[in-house]
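Here the structure is laid out as structure tokens; the discussion comes afterwards.
The values are calculated or read from the model by the stated rules, or taken from the named source; none is laboratory data. Since the model is a prediction, treat every value here as computed from it, not as a measurement. Note that each Cβ is placed from the backbone with ideal geometry, even for glycine, and that neighbours are counted across all protein chains shown. Note: accessible area is taken over every heavy atom of the protein model, side chains too, but ligands, DNA and RNA are not part of it. Shrake-Rupley method; radii C 1.70, N 1.55, O 1.52, S 1.80 Å.
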Amino acid sequence: MQQRTAYSEVEAEKNVEKNRLWFNRFRTTRSFQKLNKPEKAAAFYITQAVVSLSYKYQLRSPRRYTARSIKEVILKMLPEKIAATNVFFTSVIPVMRRYFIFLGVQHKISNAETLVRALDSIKVSDLLAGHRDASNWDVHKRLGMKYLMGYSRDVDPKKIKEFEEDYNMGVPLRFCFDLGVNRASKDIIMLTESLREKFEQILYEKNK
């Protein structure tokens, strides 16, 4: 099959829809049930973000994932582009590990073991460090984190929804609240406190 050289919105939608179908099957497995509650709440959005970023920036569908491409998505693209809470980022490795194994069993990908080894080589602390480094955020994540951390008051919900769909790969900014994760508000507070000072300085420098 000839390799595509240009981004296709139609192909992007196909990848997202396939992932939705695959994830609905994954949700029924014992492997999914072994995830903890925050991981289950974040799981669909994590898989959707990985699939969307892989195609948008690498033109890769799941069958073409490599160890290198997946490490780039998880260590570079997610922290740089996705506005989310700490609990989202700490859930990425355990969720994708089980998901790749599932996709391998289902013959949706042929290199599940290779991808799992790539995931196992990633330190969660490195992923979190990338997410917490506000100087690493692209312009869209900076805006998303302003929404998430409450810096932008009285924002139109429609505007938030459009942001999530257009720039956040469908990841809801407040998915912890929406899906009822235990102590979600505590997670938001922890995230806010860990980022507030650095984030305010960046905003100040950019708005001088």
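The numbered conditions (1) of a type in the set (A, V, I, L, M); (2) open to solvent by 50 Å² or more (accessible area, probe 1.4 Å); (3) more than 24 Å from T66 (Cβ to Cβ) are all true for V124 except (3).
Right, K146: open to solvent by 20 Å² or more (accessible area, probe 1.4 Å) and assigned to a helix (DSSP H, G or I) or not? Answer is yes for this residue. Just one of the numbered conditions (1) under 20 Å from S125 (Cα atoms); (2) modelled with pLDDT under 95; (3) not aliphatic (A, V, I, L, M) is not true of R68: (2). Looking across region 58-117, the residues that are farther than 23 Å from T28 by Cβ and aliphatic (A, V, I, L, M) come down to L59, A67, I70, V73, I74, L75, M77, L78, I82, A83, A84, V87. Scanning region 1-12 for residues that are more than 20 Å from the chain's Cα centre (by Cα) and either touching a residue at least 60 places away in the same chain (Cβ under 8 Å) or not in a loop (DSSP other than H, G, I, E, B) (or both) returns a single hit, V10. In summary, helices (runs of 4 or more DSSP H) completely within region 13-121 and bearing 1 or more residues that are surrounded by fewer than 21 Cβ atoms within 10 Å (Cβ to Cβ) and hydroxyl-bearing (S, T, Y) occur at 30-33, 37-58, 67-72, 86-105, 112-120. Being open to solvent by 60 Å² or more (accessible area, probe 1.4 Å), modelled with pLDDT under 95 and either within 19 Å of E72 (Cα to Cα) or part of a loop (DSSP other than H, G, I, E, B) (or both) is the filter here, so list the residues in region 152-168 that pass it. Correct list: R153, D154, D156. For region 125-140, state whether one or more residues are in contact with a Gly (Cβ under 7 Å, 6 or more places away or on another chain), under 18 Å from L53 (Cβ atoms) and either at pLDDT 95 or above or polar (S, T, N, Q) (or both). Yes, because at least one residue in region 125-140 is in contact with a Gly (Cβ under 7 Å, 6 or more places away or on another chain), under 18 Å from L53 (Cβ atoms) and either at pLDDT 95 or above or polar (S, T, N, Q) (or both). Among the residues of region 43-92, the ones that are among the polar types (S, T, N, Q) and free of Cβ contacts under 8 Å to residues at least 60 places away in the same chain come to 8 in all. Selection of region 130-142 for residues being touching a residue at least 40 places away in the same chain (Cβ under 8 Å) and either touching a strand residue (DSSP E or B) at 6+ places or on another chain (Cβ under 9 Å) or assigned to a helix (DSSP H, G or I) (or both) yields G130, H131, R132, A134, S135, N136, H140, K141, R142.
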